[in-house]
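The values are calculated or read from the model by the stated rules, or taken from the named source; none is laboratory data. The model shown is predicted, which means the values in this text are computed figures rather than measured ones. Neighbour counts are summed over all protein chains in view; Cβ atoms, including those assigned to glycine, are modelled from backbone coordinates with ideal geometry. These area figures cover heavy atoms from the full protein model, side chains too; ligands, DNA and RNA do not enter into them. Shrake-Rupley method; radii C 1.70, N 1.55, O 1.52, S 1.80 Å.
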Amino acid sequence: MNSIDLPHDFVWGAATSSYQIEGAVRADGRGPSIWDTFCRVPGKVLHGDHGDVACDHYHRLDDDLDLMASLGLQAYRFSVAWPRILPAGTGEVNEAGLAFYERLVDGLLARGITPFVTLYHWELPQALQDRGGWEHRDTVQAFVDYAGIVAARLGDRVHHWITHNEPWVVSFLGNLEGVHAPGNTDLATALQVAHHVLLSHGLAVPAIRAHAPGAEVGITVNLGLGRARTDSPADLDAVRSLDGYANRWFLDPLYGNGYPADMVAQFGDAMPVVTDDDLDAIATPTDFLGINSYNPSVVRPADDPANPLGFDPLTPDEMVAEGYSLTAMGWPIVPEAFGQLLTRVAREYDVPAIYITENGAAFDDELVDGAVDDQPRVRYLQDHLAALCVALDEGAPVRGYFAWSLMDNFEWAWGYEKRFGLVHVDYATLTRTPKASALWYRDTIARNGFSR
Ligand code: IFM
């Protein structure tokens, strides 16, 4: 039996995001977001799913808070929907929106659960997209103003703030691959968006601190190491490219190194407009780095030599042929790569603290006689936590872990088909059923570790 024990002050949590669980998209003055729009574009979201109802968390807040307490969560990471606070993105503040999040925060605190607030988990008000969205520099100031409004209201009670969730996804899935809102497919647009998102982060940090003195403020990036099939120079160069695109493009400027030179050369004319003080602002010191990580990326050299990304990902079939096990998302399960990633980030960047703000897996769960025996998810969590402990031993300053996700929810372009939850949601009845993984997680939190 192998015993995994975490440090006594380790923080155990679970994470969600607003659009993925709240529903109630027209309630109490919320304005439309780019995801409300995107979901209505035929072919963009599987089965034409959308977040109109989602898990109906907005109307089931107290029950969901009790559910969190029943699992013994010590912390809960959620996001604020910008269009609930500022329905038109700027201008008039919607009191009912602020009141909802105030009720959520107070409900958490009353149950002894620490709130971790994310300000942007992809719900850009549609009105701002209509004026150019993240590609337009004005959106930077709009975000800073919004951040200040939320911090002014909650800063006396919320001591952990995350500006953005996964700038890579916002930039590249939304504006290069076009599979997320707003659905653009242009590298120059994606790079300008990335720059503005990073800049808005850096400028929002002091705006948050002004209203939340002593709070910890950070950003969450999604990271994953690259893996090649062989050690050939071409395969290793594909890994370098993947790493530049997925990891260094964000980590380097956040930690004061500017944009990585190899990728600047590769992106050429698509490089964004960067004005004088931008890089200093992006590198504003923060208190922690949030890391979302699920899997490494297995890559090979790009088929098309003109592809500025320089790599192609292996298909799921190719990964299986290489011996990888996959989740229901087709993502390879490689726990040791998770630990190696944390060690590497700690070694190469001046990161004062790390929270794993998301980690977890989708599997094809089945509800049988009122229970979900999701042993593959239990194993995934165990193996990733064991890898995290290796990184801790090697000096990575990991302070806490948030399972993604508290409950099954709207998985963006995949609609409701992919289930990441510790808690099963029946979308017909909205009944919540804790899976075996939820009960395992509850026991793990209670004893601050587990045996296997
Ligand atoms: O569901 C998403 C979440 O919104 C952001 N990180 C990855 C998760 C799984 O795809």
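What the table shows:
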{"item": "Answer from V334, V345 - the residue that is out of contact with any Lys or Arg (no Cβ under 9 Å at 6 or more places or on another chain), under 25 Å from A15 (Cβ atoms), among the aliphatic types (A, V, I, L, M) and more than 14 Å from the ligand (Cβ to nearest atom)", "result": "V345"}
{"item": "Residue match in segment 407-428 (condition: open to solvent by less than 10 Å² (accessible area, probe 1.4 Å), within 25 Å of H121 (Cα to Cα) and among the β-branched types (V, I, T))", "result": "yes"}
{"item": "Residue count, segment 313-330 (criterion: away from the ligand (no atom under 16 Å from the Cβ) and either surrounded by 20 or more Cβ atoms within 10 Å (Cβ to Cβ) or in contact (Cβ under 8 Å) with a residue 60 or more places away in the chain (or both))", "result": "3"}
{"item": "Scan of segment 438-452 for residues that are hydroxyl-bearing (S, T, Y) and open to solvent by 10 Å² or more (accessible area, probe 1.4 Å), ordered by number", "result": "S451"}
{"item": "In segment 219-241, residue least open to solvent (accessible area, probe 1.4 Å) [restricted to those that are among the hydroxyl-bearing types (S, T, Y) and away from the ligand (no atom under 16 Å from the Cβ)]", "result": "S241"}
{"item": "Within segment 1-58, considering residues that are under 20 Å from A181 (Cβ atoms) and β-branched (V, I, T), the one nearest to the ligand (Cβ to nearest atom)", "result": "T16"}
{"item": "Test set (1) without any contact (Cβ under 8 Å) to a residue 12 or more places away in the chain; (2) at positive phi - D393 fails condition number", "result": "(2)"}
{"item": "Only one of D369, D374 that is crowded, with 18+ Cβ neighbours inside 10 Å, at pLDDT 95 or above, more than 15 Å from the ligand (Cβ to nearest atom) and not hydrophobic (A, V, I, L, M, F, W, C)", "result": "D374"}
{"item": "Residue match in segment 152-171 (condition: within 21 Å of W35 (Cβ to Cβ) and more than 16 Å from the ligand (Cβ to nearest atom))", "result": "no"}
{"item": "Count - residues of segment 377-390 that are more than 16 Å from the ligand (Cβ to nearest atom) and either closer than 16 Å to T357 by Cα or not polar (S, T, N, Q) (or both)", "result": "9"}
{"item": "Sole exception among (1) touching a residue at least 24 places away in the same chain (Cβ under 8 Å); (2) within 26 Å of G148 (Cβ to Cβ) for D56, by number", "result": "(2)"}
{"item": "Test: residue in segment 417-440 that is in contact with a Phe, Trp or Tyr (Cβ under 8 Å, 6 or more places away or on another chain), over 26 Å from D52 (Cβ atoms), at pLDDT 95 or above and of a type outside the set (S, T, Y)", "result": "yes"}
{"item": "Count - residues of segment 287-311 that are more than 16 Å from the ligand (Cβ to nearest atom), in contact (Cβ under 8 Å) with a residue 40 or more places away in the chain and at negative phi", "result": "10"}
{"item": "Positions within segment 158-184 being assigned to a loop (DSSP other than H, G, I, E, B) and under 27 Å from T286 (Cα atoms), in sequence order", "result": "V158, H159, E166"}
{"item": "Residue in segment 274-283 that is more than 16 Å from the ligand (Cβ to nearest atom), in contact with a strand residue (DSSP E or B) (Cβ under 6 Å, 6 or more places away or on another chain) and either on the phi > 0 side of the Ramachandran plot or not in a loop (DSSP other than H, G, I, E, B) (or both) present", "result": "no"}
